[in-house]
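Reviewing the structure listed below.
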Amino acid sequence: MTDTSVDPPRTPRRSPAGAAEAPRPAARRGHRPGTTRPDDGSATAATRPAGTRPTTARPAEGATGAARQVPSVPSTPSATGRPVSGVAGVAGSAGPTGADLHLDLPATGSRRSALMDALRDAIRSGRLAPGTRLPPYRALAADLGIARNTAADAYAELVAEGWLTARQGSGTTVAERAEPVPPTRARRSSRPPRPVHDLRQGQPDAAAFPRTAWLAAGRRALTAAPNEAFGPGDPQGRRELREVLADYLARARGVRTDPDRIVVCSGFAHALRLLFDGPRAVLAARTAGSLAVEGYGLAFHRGLLAAAGATTSPLPLDEHGARVGGLTEDPEIRTALLTPAHQFPTGGPLHPGRRAAVVDWARGRGGLVLEDDYDGEFRYDRQPVGALQGLDPERVVYLGTASKSLSPALRLGWMVLPDHLVDRVLAAKGEREAWASALDQLTLAEFIDSGGYDRHVRRMRRRYRDRRDRLVGALAEHAPHIEVTGIAAGLHAVLRLAPGTERSVLKAAAYRGLVLDGLADYRHPLLAAEAMPATDGLVVGYATPPDHAYPAALEALCAILPPPL
């Protein structure tokens, strides 16, 4: 039987006039300064205003001549290796009393955490209803064989979290709730399981992120950053990043700009939303007219534009890229979204004659060309194709990101704008930067300025070119009848298949745990068959797998390809 009786009464001191003084509370070992313990239901004269009586009829602990002992089950110390359990009773002879409380604590681990978890579970399950009075922490500690300070600290923290309430003179009770909180259930993820072999396009090798160099650049950037860099962000982006981007884009991509015409964003999709979506959209659908897009492209981008109210008109493709001559046939088209350096996903740059023609069209119509330069740095067999923006900076909006060159996790992109659009884009963004981290911008600025970005791009260009060569070699050995296109640049290739075989090949790939895309997923639904016949094919992202997994992915790919007809 565990003794849960109260402490023996103290002998009151006498004042010089003979009046009894309230006993001084004993010092509590382990009590942290500045913390408040939950009321133990034992208010004394020292804690009440002079001349007042306790708010409850229950005598305070230690203020009566005798105290009843309340039976409880024997407690089992945790040193035995078995769980600690007990029923805590409450001392007192009058007024409301605390309820007996059964708790099971594990034999190991923090006593305080275990007690808090047990109390939360009891409240969550409804075993302890709202308003239930708990035993004083001294009685609970004695019954469970734990330190008083441990029980008091657990009560105090649960009061702070809102599970319990404590009032001086009234003890500690379960907080009032409309109904018991139902236990949480593990949410079943709707995401598919991780693939065995991943050849999805558009993703760089995540294992190749330059962690050491990026960390060093971040340290240097944070050390040199002014204090204002840690305040509200400039919606145009950090000046440090815009300056190095202006130099880098001019040197590596042939872009003509200055820092004041660059606006930092969180990626290509964010740029499209700024231009087309929302009440302050720069190219609102009602004034921008129809938007021309390439006949093959990302359905995600088309969906984003459609949600913003933009009507997209597909341009057919051939071996020279988009057939931009069709722009002059529709007077409603005032904007064109293109991938001139490397058509996505079919591959190949826009023919030089067509590059000049689309710029002339924009000048003559007072329109704009949106240039998506998503992987312009990764060209393998000849000099990179320069940016279309260099032909006319006032008619081309250049859109670039770090998603392919570094990682999509950075969420950093940039817009190089005609001068007349800068203020409108900044108005669409708002007064403060809400998306792109200023610290990531400073780190990227230092990474580019120190030469780390150039070194990383050159290293990855060699690695991805080797990946491409291994893909071409594997196909030449195991499936020489399969034509491979779009391999002069980028992070993916297109495998042409016999008509009517694409769907069955994708099913075979899924059966083997191989994830890749079919070419049909990228075709614009309004692209007429007579303008451009549909072609079966696979879009293979050879940059995605880590080095150790790439050989097995190639083997799985060759195994699902159809035999020659």
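The values are calculated or read from the model by the stated rules, or taken from the named source; none is laboratory data. As the structure is a prediction and not an experimental result, all values here were calculated from the model. A quick note on method: Cβ atoms are made from the backbone with ideal geometry, for glycine too, and the neighbour counts reach across all protein chains shown. The accessibility values were calculated without ligands, DNA or RNA, using every heavy atom of the protein model including side chains. Shrake-Rupley method; radii C 1.70, N 1.55, O 1.52, S 1.80 Å.
Here is how the numbers come out for the structure above:
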{"item": "Rounded FRET efficiency, nearest 0.05, which uses the C-beta distance separating residue 458 from residue 534 and R0 of 41 Å", "result": "0.60"}
{"item": "Computed FRET value (nearest 0.05) for residue 222 with residue 432, which takes r as the C-beta separation and R₀ as 25 Å", "result": "0.75"}
{"item": "Per residue value of the accessible surface for the stretch 353-426 (all protein chains in place, 1.4 Å probe), Å²", "result": "34 Å²"}
{"item": "Rough spin-label spacing in nm, given labels placed 7 Å along Cα→Cβ, for residue 549 and residue 328", "result": "5.0 nm"}
{"item": "Gain in span if fully extended, residue 177 to residue 363, counting 0.36 nm per residue against the direct Cα distance", "result": "60.3 nm"}
{"item": "Heavy-atom accessible surface of the stretch 476-554: percent carbon and sulfur, 1.4 Å", "result": "58 percent"}
{"item": "Rounded percent of accessible protein surface that carbon and sulfur make up, the stretch 260-397, 1.4 Å probe", "result": "51 percent"}
{"item": "Inter-label distance, nm, simple model (7 Å from Cα along the C-beta direction), residue 380/residue 512", "result": "2.0 nm"}
{"item": "FRET E, pair residue 477, residue 110, Förster distance 56 Å, beta-carbon r, rounded to 0.05", "result": "0.40"}
{"item": "1.4 Å probe accessible area per residue over the stretch 213-306, in Å²", "result": "44 Å²"}
{"item": "Gained length - residue 558 relative to residue 200, 0.36 nm times residue gap less alpha-carbon distance", "result": "127.3 nm"}
{"item": "Whole-number accessible area per residue in Å² for the stretch 469-516, which is evaluated in the context of all protein chains at 1.4 Å", "result": "49 Å²"}
{"item": "Net charge contributed by nearby residues that have their C-beta within less than 10 Å of residue 444 (K/R +1, D/E -1)", "result": "-3"}
